[in-house]
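The values are calculated or read from the model by the stated rules, or taken from the named source; none is laboratory data. These numbers were taken from a predicted model, which means no experiment stands behind them. Cβ placement follows ideal geometry from the backbone for every residue including glycine, while neighbour counts extend to all protein chains displayed.
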Amino acid sequence: MDDAKDLLQFLENSSIIDFTFIRQEYEKMNRQKILDQTKIWKATDGRWKAYVDVAGKRRLIAKSSRVALEDEIIETYKDPKIKFKECFDSWASEKLEYGEIQKSTYDRYQADYKRYIKDTELEYKEVKKIDELFLENFIKSTIASQHLTAKGWGNLRTLINGSMVYAHKHSYTEFRVSLFMAELQLSRKAFEQRVVNDEEQVFTRDEETRIEKYIADNPDMLSLGVALTFCTGLRVGEVAALKWSDYKGDFLSVTRTEIKYIGEHGERIADVRERTKGRDGRRQVVLNDMAIGILEKLKAYMGDSEWMFTRDGQRIKAVWLSLRITKLCKELGMPHRSFHKIRKTYATKLIDAGVPEKVVTKQMGHTEILTTKQFYYFNNEQVAEIKERLNKV
C-alpha cells in the first residue's frame, strides 16, 4: 500500500500525471451531471430560477444571471447548509409516511416543536455547526426557562434525537447525538417538581358512592358510560370506541380506541384506531356483576346500534364522556377531576382489594405492575378513615 502511494506521489512530482488537471476534469463532469438533472428557467421577472432537492424538500433558488444560478446550484449540493428545522420536518414526515407513528403522534411532535424549539437559536442552526457545547447549553437553558418537568424534557429529547439521527444518517453532520445524550448529565433539581396530592388523583370511596347513587337515580347514556368506567378502568377513548360485539358475557373485548389529530385544513378530527394504547393493542377485561348490570341497562336504553354510545345514529366522541364527569362533579359539589382519574381510582381499588398483580395488569392493559403502582395507585381513603386506622395501631 505504501509502495503504491509512493509511486503516485512520484508520478505527480515528476509531472508524468497531472492530478490537478484530472481533479478539475472530474469536478467539471460532476458539475455538468448535476446541471443536466436540474431544470433551469428564466422567469418573467428576468431572474434565473431552479429547484434543488435538499433534505427531502424542494428549495427554490433565484439569481440575476444563469452563471450565478449554476454556481449556487453546485454549491448547494456540495454544502447544502441544512438547518435543524429541515431535518425535523423530514424526520417527522418520514415516520408518518412509513407508518411508524400515528397522525395524532405527528401532531404532538409538531405541538412540542412549536413549544420548545420554534423561534429559538436551534431552529435555523445549520446541523453541521451543532456541537456538544451548543446543544448542552440549549437543553439546559430551555429546561430552566420553560420550567420543564422530567416528562417535558423527555418530549424535547425525542425531537432532538430524531432530528439529529436523521441528519447523521444523511451525512449532513458527523455529530452523533446518541453518544452525546448518553453522556449528558442533568440534575433532578433542574426539573420542575410538581406536588401530586392523592385527593386530586382519585375519587374517594364516599365520592364514588355518591356518583353511583346519582347515576342510578338519573340514568342516561353518558352517565352509564361513566359508571361503566368505574367498574372497568377503561380509557375514555376506549369507552367511546366500544361496540356491542365487544360485549361477551363475562368479558369486554377492548380492541380499539378513539384518536384525535389535525386534518389537512386545520380541523380537529376524532377517528377510531383498531388497536389500543397498550403494547399488545388489545385485551380482555373481566366484568364484575355491577359492570354487567350497567351494560344490560345501557343496552335496553340504547336499543339496536353498532356502537355502544351513539347519538342520532352517530358514535359519540370521547369529549362528551369527559364533559359528563365534569358535570357530575359540579352537580355533586366535588372538586373537578378528569375522566382519567376514574381509571386511577379503579387501579387503586384493585390493588387495595389484593387482586393478583397479573390480573391487575391485564385489566389495566399495562405490561408491568410497576407502571400501575407508580402512576395509578393513590390513597382514596378520607381523613376520618385514615384516623380510624391509626387509632387501632
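Quick grid of which residues meet (1) at pLDDT 80 or above; (2) assigned to a loop (DSSP other than H, G, I, E, B); (3) surrounded by 14 or more Cβ atoms within 10 Å (Cβ to Cβ):
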{"position": "Thr345", "(1), (2), (3)": "yes, no, yes"}
{"position": "Thr348", "(1), (2), (3)": "yes, no, yes"}
{"position": "Gly354", "(1), (2), (3)": "yes, yes, no"}
{"position": "Gln363", "(1), (2), (3)": "yes, no, yes"}
{"position": "His366", "(1), (2), (3)": "yes, yes, yes"}
{"position": "Leu370", "(1), (2), (3)": "yes, no, no"}
{"position": "Asn380", "(1), (2), (3)": "no, yes, yes"}
{"position": "Leu390", "(1), (2), (3)": "no, no, no"}
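If we scan region 95-107, do we find a residue that is touching a strand residue (DSSP E or B) at 6+ places or on another chain (Cβ under 9 Å), outside the structural domain of Lys169 (by TED's automatic domain parsing) and among the polar types (S, T, N, Q)? No, region 95-107 has no match at all.
For Lys260, the requirement of being assigned to a helix (DSSP H, G or I), modelled with pLDDT under 95 and under 25 Å from Gly365 (Cβ atoms) is not met. The set of residues in region 85-113 being of a type in the set (D, E, K, R), over 30 Å from Lys39 (Cα atoms) and either modelled with pLDDT under 90 or surrounded by 15 or more Cβ atoms within 10 Å (Cβ to Cβ) (or both) consists of Lys103, Asp107, Arg108, Asp112. Looking only at residues of region 156-173 that are β-branched (Val, Ile, Thr) and more than 13 Å from the chain's Cα centre (by Cα), we find that the one that is surrounded by the fewest Cβ atoms within 10 Å (Cβ to Cβ) is Val165. Of all the criteria given as (1) touching a helix residue (DSSP H, G or I) at 6+ places or on another chain (Cβ under 8 Å); (2) hydrophobic (A, V, I, L, M, F, W, C); (3) farther than 21 Å from Gly237 by Cβ, the one not satisfied by Ala291 is (3).
If you go through region 61-84 one residue at a time, do you hit one that is surrounded by 15 or more Cβ atoms within 10 Å (Cβ to Cβ), hydrophobic (A, V, I, L, M, F, W, C) and within 25 Å of Ile160 (Cβ to Cβ)? Yes, region 61-84 contains at least one residue that is surrounded by 15 or more Cβ atoms within 10 Å (Cβ to Cβ), hydrophobic (A, V, I, L, M, F, W, C) and within 25 Å of Ile160 (Cβ to Cβ).
The criterion of being at pLDDT below 85, closer than 23 Å to Ser171 by Cα and among the hydroxyl-bearing types (Ser, Thr, Tyr) holds for Tyr26.
Of all residues in region 301-314, at least one satisfies being over 17 Å from Glu208 (Cα atoms), part of a helix (DSSP H, G or I) and either touching a helix residue (DSSP H, G or I) at 6+ places or on another chain (Cβ under 9 Å) or outside the structural domain of Leu234 (by TED's automatic domain parsing) (or both).
Given the condition buried (at least 20 other Cβ atoms within 10 Å of the Cβ), touching a residue at least 60 places away in the same chain (Cβ under 8 Å), within 26 Å of Lys103 (Cα to Cα) and not basic (Lys, Arg), answer yes or no: does some residue in region 206-226 qualify? There is no residue in region 206-226 that is buried (at least 20 other Cβ atoms within 10 Å of the Cβ), touching a residue at least 60 places away in the same chain (Cβ under 8 Å), within 26 Å of Lys103 (Cα to Cα) and not basic (Lys, Arg). When we screen Gly278, Gly266 for residues that are part of a loop (DSSP other than H, G, I, E, B) and surrounded by 12 or more Cβ atoms within 10 Å (Cβ to Cβ), the only hit is Gly278.
Beta carbons closer than 8 Å, at least 6 apart along the sequence or on distinct chains, pair a first residue in region 363-381 that is closer than 13 Å to Thr345 by Cβ with a second that is at pLDDT below 85 and in a loop (DSSP other than H, G, I, E, B) for Met364/Tyr376.
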